[in-house]
Structures are given as structure tokens and as C-alpha cells.
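Comments concern the structure below.
The values are calculated or read from the model by the stated rules, or taken from the named source; none is laboratory data. It should be emphasised that the depicted structure is a prediction, and the values quoted were computed from it without experimental measurement. We place every Cβ from the backbone using ideal geometry, glycine too, and count neighbours over all the protein chains shown. The protein model used for the area step is the full one, side chains on, heavy atoms only, and it has no ligands, DNA or RNA in it. Shrake-Rupley method; radii C 1.70, N 1.55, O 1.52, S 1.80 Å.
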Amino acid sequence: MRDLALCLILFFLAKRVSSVPTKEQFENCLSTISKNPRNLTNYTSDSRIITASSNSPSPDSSFLNLNFTSLKPILTLKPKFESEIKKAILCSKKLGVQVRTLSGGHDYEGLSYLSLTPFIIINLVNLRTITINLTEETAWIQSGATLGELYYKIAKTSKVHAFAAGTCPSVGVGGHFSGGGLGAMMRKHGLASDSVVDARLMDVNGRILNRRTMGEDVFWALRGGGAASFGVVLSWKVKLARVPEKVTCFISHSMGASMNKLVHRWQYIGAELDEDLFIRVIIDNTKGGGQRRVQTAFQALFLGGVDKLIPLMNQKFPELGLQAQDCKEMSWIESVMFFIWKSGQPLETLLNRDLRYEDLYIKAKSDFVQKPIPENVFEEVNKRFLEKETPLMILEPLGGKISEVSESESPYPHRRGNIYNIQYMVKWRVNTVEEMNKHVTWMRMLYDYMTPYVSSSPRGAYLNYRDLDLGNNTGSKTSFEDARVWGEKYYRGNFKKLGLVKGKIDPANFFRNEQSIPPLF
């Protein structure tokens, strides 16, 4: 049946390709609009236009069918000015093609650069200016910037300021902020989206709206609801966080019989610890002496000195046996390097936009856990991990500031009542249907096995760990009711409000993809 479905997709694609606008037609439209002041002002022809290439899609995605059936983009635009984005939107509407907006390119299912329908890519890489105001303790960040660029800029400006967001520096802020934004300081300062205080959005008509002119409902939707459903966010204003000049990090590895007991114990205390302390669990494989073994790492950030951390650990998590010599005090920006295993390297490493999974394809899934999982479950997980070369599970504690914010305060709903989230991932190198099916099947079986032990009704999922297995739209006419299958897993009760916002800001559903919000009227 899967092969038949793939054949049908290819058949309909073949019919669709015959009517795809050409690169020349799109460029003619761009030129025409630029000469009409009613359609565009302050246009410059300096934007970089890249034609579709024969290269394979980025390996930062599995996007099960699209990885093999996606059309090539008609062209990729790398605008240097915001006005060029307006022109691209207007031409896309006129010629009937879709827009994919690329910030960092880390969408796990490739929705920012792949499509089954004719499309262009707006790559925001040239729009990444960061302006910091220490008096206000805020920053304006263009959507093409990465987290690493933001962290670097903050560190070069202040020793006592930071921003609470993700641990991967090559992730683009545009997607990260609009999906919520988990990170190592979230228990103290909340999600990245919780610190967004303003935004500049270009809508379907090319208007640039700020928080006041877009209205509070639209602004609400951008902070965790997936901004690509509503327009193109040009820039974000965020509130910076204060941090001590010295923080403390440690990593403790465990293998063998004690490993599962430590993980089981961690479940009871991870979300209940002092909000200054973040301890996540990383489960993966290692290979020594030709034998594959499962290992666990407890990786931590404490917003304070080691003198305060050790008594806290002795009281709350003595089983780990942490000692002062296991810890290292450092600046906040050095802790960012610590979390990406780059300690001691130049801070300029954070400016590398290509810190990805080298030549690897991935399939990822997510869960939220509301009560501790039995120890024997982790024993079974270990057995399954031995079947794969590069499996990964990351367990990140919630609680703290995350739980203090109400479920409806932003589209991201997984707050009070959830003790930690899980990210599952499997990677592979050979990009064939057979290889993909083998690894994806393994991942789906692990996910199915975990069903009794995670959240339910609905089973929660995190938007920034995109997963098309949850369900997907079938085109511009997908109904809101049909989309609830996947939408309520990401957004729970907030999905309806997102649909109503979509109905106001983009009623014709121009900004859409396989998991965009359908309009509700």
C-alpha cells in the first residue's frame, strides 16, 4: 500500500508540473511589481536569486514522502531588504505558488524548504541584524539570525545578560521562537516565546504589522503557534534575562545496572528542583572494544556557584554522587559552548550556521510525561537502543517558570502537570527508501511502545520537534476538523483559537504547509 501511495503522489505531481510557473515568469513578475509604486516601494534589485538545483534536500530532515517527491523550488530568494519579501509574496499570490520561509533550516520534516506543490523559498539568511538595548534589557532580532549569533552578540555586549532559548546554536530564531523554544534556562526564565514582547509581521497583503497594529490575538498566535501559518515574521523583540557572572555546569555519565535506577530517580526530582538548576538526561549508544553499549549522561546548568550546587545536589539527588571536582564554574556564554560539546573552542564557533548532523538523515518524535515511568520501561528502551547505531533520547525537566504560566497564555500548552518532555531521534546516512523505512519503522515501534507511559487524550507533542506521523493537511481545502487530528496534539485547547486567528489574518489560507493552521470562521 505504501508503494501504491507513492506512485499516486508521483502521478499527480507529474500532472501538476506541466503548469508550474517558470523561473523566467516569476522574475518577470518581480520586475513588473518593482516598477509599480502601488505594489512596492523602496525596492532594490540586490536580492540574491538562486535557481532550483539538482542537489538532494538538506539532510536535516526525513520528511518521509517529500524527501523523494518534493518539487524543486522555482527559485530561492535571499532578500537583503524587507521590501523584497513583499514583492515575493505578491508574485507568489499572482502566479499561484506557495511560499516557504527559511530561517535556519532545522525543521525536522523539511516544511521550510520542501513542498509537493509549486513553491519558492524565501531564505532570510541576509536579514539577521541584532540590536541590543541594555537600558531596556531588550533586543530586536531579525528572523534570519541564529541562536548562536544572538548568544554571541549578547555575550559581547554584557557579562550579566543572556537569553533563555535552545541549546543548538545553528537553529534559526524565526522557527524556534514561533514554536515555543525549550532551553537550558526555561525552568528559570520560561520558553523563548515567553520572553517575546513585540514582533514585526508581513501579512498576505505585504503589510508590515507590529504588536499594536496586528492585535493581541495575532501576537499571541506567533508566540508558539507556528508563525509560518500567519505570514512572515521579519523580526522579534525579546526581553533579556539577567544571569550571574559565574554559572556551574557538570556532566555525569552512567552505564550498567545503576543507569536505569538513576534515570528512574531523576524523574521524581527533575521538575521539583530549584528553578536555577536544570538537569537533563541524554540516552544514546557508545561503541568500545567492538561492542555496542547504551550510556546515559546527566548534563546540567546551575545559575550559581559550585558552593551552592553541591549542598543542593546532596539534599535532592545524592544518588548521583556529585562532587565539587565534577563541576566547572564558567560564564553563561561558556555554558552555551559546554552544552554543544565545544568547551574551550573560540566563541566564534557559535557563528557557524552549519553546526548540524553531518550527512545524516533523521526521524524525530516527541512526548510529554506526567508521572514517572517504571524502571523496567527504561530497561526495554536500552534493549531497543542496542539494535541501532545512532539512537537518541533526550529527557528535559519542566516545572519552575514553565508551570507558572497558564496553558492558554500562549499557544504552547504543555505546562503545569508535565514533569518532563522527551525527544526521540534516530539517524542514518544512506538516503534510500529502503534505508529510510527501516529506521522510521524502528522509531515508530519505539513510539508505540511508550504510549501507556506518556500524556494522553491527546498525546502531547512539541511543534519544534515536527512529526508528520501525527497527521497532515492535504491541501488548501483541509478542514479545521480534519486538522484537529494533529493540531490538538501540539496545541491542545489552544488549537481552536489559532484557527480563529488564521481566519482573520489569512482567510484564503495562502500561507500553508502540511501542518499549518487551517482557517476557522
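If a residue has to be in a helix (DSSP H, G or I), open to solvent by less than 40 Å² (accessible area, probe 1.4 Å) and not β-branched (Val, Ile, Thr) to count, how many in region 296-318 make the cut?
3
State all residues of region 167-176 that are in a loop (DSSP other than H, G, I, E, B) and either open to solvent by 10 Å² or more (accessible area, probe 1.4 Å) or free of Cβ contacts under 8 Å to residues at least 12 places away in the same chain (or both); if no residue qualifies, say none. Before you say what the answer is, go through the steps one by one.
Keep residues of region 167-176 that are in a loop (DSSP other than H, G, I, E, B), which gives 167-171.
Scanning region 167-176 gives Thr167, Cys168, Val171.
Using beta carbons and a limit of 6 Å, which pairs, at least six apart or on different chains, have the first residue in region 116-144 and over 16 Å from Leu351 (Cα atoms) and the second one part of a helix (DSSP H, G or I) and open to solvent by 20 Å² or more (accessible area, probe 1.4 Å)?
Close Cβ pairs satisfying both conditions: Ile132/Thr157.
Would you mind finding the one in Leu147, Leu90 that is closer than 26 Å to Lys237 by Cβ, crowded, with 19+ Cβ neighbours inside 10 Å and among the hydrophobic types (A, V, I, L, M, F, W, C)?
Result: Leu147 is the single residue among Leu147, Leu90 that is closer than 26 Å to Lys237 by Cβ, crowded, with 19+ Cβ neighbours inside 10 Å and among the hydrophobic types (A, V, I, L, M, F, W, C).
For region 322-338, state whether one or more residues are in contact with a strand residue (DSSP E or B) (Cβ under 9 Å, 6 or more places away or on another chain) and on the phi > 0 side of the Ramachandran plot.
First, pick out the residues of region 322-338 that are in contact with a strand residue (DSSP E or B) (Cβ under 9 Å, 6 or more places away or on another chain): 322, 326-338.
Still in the list and also on the phi > 0 side of the Ramachandran plot: none.
Taking every residue of region 322-338 in turn, none turns out to be in contact with a strand residue (DSSP E or B) (Cβ under 9 Å, 6 or more places away or on another chain) and on the phi > 0 side of the Ramachandran plot.
Could you please give the count of residues in region 319-350 that are open to solvent by less than 70 Å² (accessible area, probe 1.4 Å) and part of a helix (DSSP H, G or I)?
12
Can you tell me which residue is farthest from the chain's Cα centre (by Cα) among those in region 144-200 that are under 26 Å from Arg416 (Cβ atoms) and β-branched (Val, Ile, Thr)?
Applying the filter and picking the extreme gives Val197.
Filter region 94-105 down to the residues that are touching a strand residue (DSSP E or B) at 6+ places or on another chain (Cβ under 7 Å) and open to solvent by 30 Å² or more (accessible area, probe 1.4 Å) and list them by number.
Thr101
Tell me, please, whether a residue that is at pLDDT 95 or above, among the polar types (S, T, N, Q) and under 30 Å from Leu398 (Cβ atoms) can be found in region 94-106.
Yes, that holds for at least one residue.
Do you know which residues across region 470-521 are part of a helix (DSSP H, G or I), of a type in the set (Val, Ile, Thr) and closer than 24 Å to Ser455 by Cα?
Once the filter is applied, which keeps residues that are part of a helix (DSSP H, G or I), of a type in the set (Val, Ile, Thr) and closer than 24 Å to Ser455 by Cα, region 470-521 yields only Val485.
Filtering region 490-517 down to residues that are open to solvent by 50 Å² or more (accessible area, probe 1.4 Å) and without any contact (Cβ under 8 Å) to a residue 40 or more places away in the chain, which residue is farthest from Gly96 (Cα to Cα)?
By that ranking, first place goes to Lys496.
Which pairs do you get when a residue that is in a loop (DSSP other than H, G, I, E, B) and hydrophobic (A, V, I, L, M, F, W, C), found in region 378-399, comes within reach of a residue that is open to solvent by 10 Å² or more (accessible area, probe 1.4 Å) and modelled with pLDDT of 95 or more, reach meaning Cβ atoms under 7 angstrom, with the pair 6+ apart or on two chains?
These pairs meet every condition: Leu398/Ala271; Leu398/Asn418; Leu398/Ile419.
One line per residue, one yes/no per condition, for (1) under 18 Å from the mean Cα position of the chain (by Cα); (2) assigned by the TED database to the domain that holds Lys365; (3) more than 16 Å from Val369 (Cα to Cα); (4) open to solvent by 70 Å² or more (accessible area, probe 1.4 Å):
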| site | (1), (2), (3), (4) |
| --- | --- |
| Val440 | no, yes, yes, no |
| Met443 | no, yes, yes, no |
| Leu470 | yes, no, yes, no |
| Lys477 | no, no, yes, yes |
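I need the helices (runs of 4 or more DSSP H) fully contained in region 177-295, keeping only those with at least 1 residues that are out of contact with any Phe, Trp or Tyr (no Cβ under 6 Å at 6 or more places or on another chain), open to solvent by 50 Å² or more (accessible area, probe 1.4 Å) and hydroxyl-bearing (Ser, Thr, Tyr).
So the answer is 211-214, 257-269.
What tally of residues in region 127-137 results from selecting those that are under 23 Å from Phe81 (Cα atoms) and open to solvent by less than 70 Å² (accessible area, probe 1.4 Å)?
4
State all residues of region 401-427 that are farther than 17 Å from Ala461 by Cβ and either open to solvent by 30 Å² or more (accessible area, probe 1.4 Å) or part of a loop (DSSP other than H, G, I, E, B) (or both); if no residue qualifies, say none.
Selection gives Lys401, Glu404, Val405, Ser406, Ser408, Glu409, Arg416, Lys427.
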